[in-house]
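Below you'll find the structure, written out as structure tokens, and then a few comments.
What follows is calculated from the coordinates using simple rules that are stated; it is not laboratory data. What you are looking at is a predicted structure, and each value in this text was computed from that prediction instead of being measured. Don't worry about glycine lacking a Cβ; one is built from the backbone with ideal geometry, like all the others, and counts go over all protein chains shown.
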Amino acid sequence: MRKSASTSAACLLAGWGLAGAAAAAPPVEAYGHLPSVELISLSPSGERYAFVAVAGESRRLAVAGYDNKLLEATKVGDAKVREVEWAGEGHVLLTTTSTFDDLADFVRAYELASVIDVRPDSHTAAVIFGKVPTVANTVVGYFGAAQVDGHLSGYFGGITYVYKPPGVYAFDHGYRDLYRVDLESGKTALQAKGSEDDHSWVVARDGTVVAHSEYGERSGEWRLYAGDGHDKLLLSKTSPRNDIALLGQGRAAGTVLVVDGSGDEDVAEEISIADGKSVSLFDSVSTDEYLTDPATGLLIGALIDGEPGAVFFDSKLQARYEGTRKAFPGYQTHLKSYSRNLDRLIVLTDGGDDSGTYWMVDIASGKASELGHPYPEIKPADVGPTRTVKYAAADGTQIEGILTLPPGRKPEKLPLVVMPHGGPIGFHDSIGFDWWAQAYASAGYAVMQPNYRGSSGYSRAFREAGFGQWGGKMLTDISDGIAPLAAQGLIDPKRVCIVGASYGGYAALAGVTLQKGIYRCAVSVAGVSDMQALFDWDTGEGGHNSSERYMRAATGADKEGDDKLDAISPVRFADHADAPILLIHGKDDTRVPIAQSETMVSALKHAGKPFEYVIMKGEDHFLSREETRVTMLKAAVDFVKRNNPPD
């Protein structure tokens with residue numbers, strides 16, 4: 001690790017593009033850049049914070065004190081940074097991922113994670129498992145940190161190599177074991193064995209494994225045990241789609257949190273290790289993320305859909321959180337990090353005229369300090385206004401969507417970009433700054449992001465209604481929002497394109513093949529075109545697993561058979577395409593293989609239909625690299641402008 005010559009994080013942030021920008025309207029690239037600052041994380045005491053930011057052409061991880069004195073800065077380059085979190089006060093765990101396609105006998109590529117332990121006090125760093133010859137150089141889950149015998153240790157999932165004489169350790173399986181890593185010395189010890197039944201563990205802050213779960217992919221059986229052995233079975237359930245999760249400790253020592261989405265209702269249960277008794281939590285709200293105490297790891301609350309955005313069991317913490325939100329009236333306020341007792345918080349505001357601002361909030365002083373802007377080139381006047389709209393689907397189901405309008409333009413007879421989210425089931429769009437939607441708004445388009453049936457954030461029944469409707473009512477829910485906007489005079493229904501990624505990319509392809517006469521063009525980014533081929537790829541040799549069971553339930557093929565897959569596959573209807581199509585796909589996509597776009601390209605070419613195709617080298621499913629993200633956005637916006645001009 002090389003210490004930066006700068007001594008002030010405030011200077012560093014200002015030098016990394018977070019100060020003022022020119023008054024001219026931003027180019028489309030400004031929306032496609034990776035955030036100039038992101039992943040800001042407070043240490044448990046709140047005396048330090050870490051973040052990833054861009055300095056010129058370089059991305060760096062930086063660590064600063066609360067006084068903004070820079071403690072550490074190191075380049076992360078093109079690494080795909082996924083998470084920044086603290087282990088105690090002296091260790092920042094930086095998680096990155098890379099694509100690998102040469103893993104033993106596996107027939108598909110995988111996105112594997114590495115964890116780098118950054119130590120700002122000594123200006124050093126170490127890769128977890130990086131120098132352990134008996135463990136693969138990848139981390140498969142982080143299970144917290146603990147003080148053991150006076151040493152701070154981290155607990156990580158690792159793939160153990162198998163010894164094969166003479167003196168060779170080789171990759172033999174893909175399941176994980178639990179390892180304890182001394183974060184000072186790097187000494188690594190096996191803590192608990194895993195197996196082909198996927199394991200997850202809960203580790204208390206004294207290093208004790210208080211419970212673990214096992215899931216059988218083929219059987220669909222999920223089991224919860226006390227400790228790391230099989231002596232005490234606490235819970236056993238059938239979960240064909242693998243939608244039960246052991247997430248950590250409960251509200252008190254000796255309890256764990258299990259979230260069960262396999263029944264008629266989502267249930268968050270706090271289960272006692274001593275007697276297996278359970279208590280339901282968060283019954284009246286829809287949760288997005290569970291919140292734990294930075295010091296003890298105990299459950300303290302959850303981020304939720306809707307107001308007030310988060311709930312805490314302790315009224316004092318709730319008051320601190322809600323007081324912070326009140327400091328930013330008129331803006332969406334997202335809790336990103338916090339110290340013990342919420343003495344200090346980091347929040348991100350957006351919405352209104354704010355493209356995004358990170359703030360450090362100090363409860364004792366009652367002050368909020370601006371830390372930086374993810375999109376510094378995009379000024380208040382450049383932000384398109386957003387609002388929630390509601391409409392009825394063809395069968396009467398009430399659908400909600402997010403409408404973004406062009407900044408500074410009269411909202412009448414606008415061209416429209418329909419932008420369905422990916423997932424599809426269990427995800428949703430919400431009010432706030434969306435870089436992709438805002439890019440189209442800046443070009444003069446209204447943008448509708450429909451939360452079709454199957455989306456999260458509403459009710460369990462609404463989410464479950466998406467199953468069996470992959471190419472059915474989920475698809476028509478998207479297009480059903482056009483007429484109500486036209487009836488209000490907001491958009492011109494004859495000037496509509498559909499743009500999306502992942503399932504949104506599928507919806508774009510289906511919108512101009514399975515549906516007819518709605519869209520003037522379609523942009524599919526990493527979209528699915530051939531459902532049967534996706535199943536075959538995802539299951540290897542065709543064996544059943546939770547992923548396939550989920551997909552069959554989502555598409556309806558579990559009831560109607562494999563013919564249903566062909567009936568909802570755009571590649572089978574390429575000759576029906578009634579509008580130009582742009583396909584964009586990352587070469588290193590491990591979620592939806594690039595073959596899905598290549599197959600569609602071949603079918604469109606054979607049918608003589610107009611299309612364009614952009615391959616993004618080195619890019620994955622999540623648009624993680626700046627160069628390719630900008631390439632995607634410029635190609636997508638230009639394509640829509642040529643086929644559906646904004647003026």
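Considering the options Trp201, Phe282, Ala302, tell which one lies farthest towards the positive end of the dipole of segment 195-313, charges being +1 on Lys and Arg and -1 on Asp and Glu at the Cβ, about the Cα centre.
Checked the options; the winner is Trp201.
Among residues other than Gly422 whose Cβ falls under 14 Å from its Cβ, what is the net charge (Lys/Arg +1, Asp/Glu -1)? Kindly include the intermediate steps, with their values, before the conclusion.
Details: positive: Arg591; negative: Asp429, Asp434, Asp589, Asp620.
Cβ neighbours under 14 Å give a net charge of -3.
Which of the listed residues, Tyr338, Val63, His421, is farthest toward the dipole's positive end in the chain, when Lys, Arg count +1 and Asp, Glu count -1 at the beta-carbon?
Final value for the positive-end residue is Val63.
Could you give the distance between the Cα centres of segment 266-289 and segment 377-396, to the whole Å?
After rounding, the separation between the Cα centres reads 35 Å.
Please arrange Val135, Val512 by counting, for each residue, the other beta carbons lying within 10 Å of its beta carbon, fewest first.
Val135, Val512
Using label points projected 7 Å from each Cα along Cα→Cβ, tell me how many nm separate Ala461 and Lys587, to one decimal.
5.0
Full extension from His173 to Asp536: what is 0.36 nm times the residue separation minus their Cα-Cα distance, to one decimal in nm? Don't skip to the end; give the middle numbers.
Details: separation 363, 0.36 × 363 = 130.68 nm, distance 2.09 nm.
Contour length minus the Cα-Cα distance gives 128.6 nm.
Within the set of other residues whose C-beta is less than 14 Å from the C-beta of Ser529, count the net charge using Lys and Arg as +1 and Asp and Glu as -1.
-3
For segment 195-313, rounded, prolate or oblate, judged on the Cα gyration tensor with a ≥ b ≥ c (square roots of eigenvalues), a/c < 1.5 rounded, else prolate if a/b > b/c?
It is oblate, given that a/c is not under 1.5 and a/b is not larger than b/c.
Give the aspartates and glutamates whose C-alpha is closer than 12 Å to that of Lys232, dropping any in the same chain fewer than 8 places away, or say none.
Asp275
Roughly how many nanometres apart are two label points built 7 Å out from the Cα toward the Cβ at Glu370 and Asp562?
6.0
Quick one: putting +1 on the C-beta of Lys and Arg, -1 on the C-beta of Asp and Glu, what dipole do you get for the chain around its Cα centre, in Debye to the nearest 20?
Roughly 1400 debye, rounded to the nearest 20.
At a threshold of 8 angstrom on Cα-Cα distance, excluding pairs fewer than six apart, so keeping six or more, what relative contact order does the chain reach in percent?
Relative CO of the chain lands at 9 percent.
Among the listed pairs Lys131/Lys634; Lys316/Lys367; Lys413/Lys564; Lys413/Lys634; Lys326/Lys390; Lys379/Lys609, which have their C-alpha atoms separated by more than 30 angstrom in this model?
Too far apart for the 30 Å limit: Lys131/Lys634; Lys413/Lys564; Lys379/Lys609.
Could you tell me whether segment 508-647 comes out rounded, prolate or oblate from its Cα gyration tensor? Rule is a ≥ b ≥ c as square roots of the eigenvalues, rounded for a/c under 1.5, then prolate if a/b exceeds b/c, otherwise oblate.
Here segment 508-647 falls in the oblate category.
Fully extended, how many nm does the chain gain between Ala252 and Arg218 (0.36 nm per residue separation, minus their Cα-Cα distance)?
That works out to 8.8 nm of additional length.
Along the positive direction of the dipole of the chain (beta-carbon charges: Lys, Arg +1; Asp, Glu -1; about the Cα centre), which of Tyr155, Gln515, Tyr225 reaches farthest?
After comparing all options, I get Gln515.
Convert each backbone phi in segment 568-573 into a coupling constant with the Karplus relation 6.51 cos²θ - 1.76 cosθ + 1.60 (shift: θ = phi - 60°), then list the ³J(HN,Hα) values in order as whole Hz, x for Gly and Pro.
With coefficients 6.51, -1.76 and 1.60, one gets 10, 9, x, 4, 6, 10 Hz.
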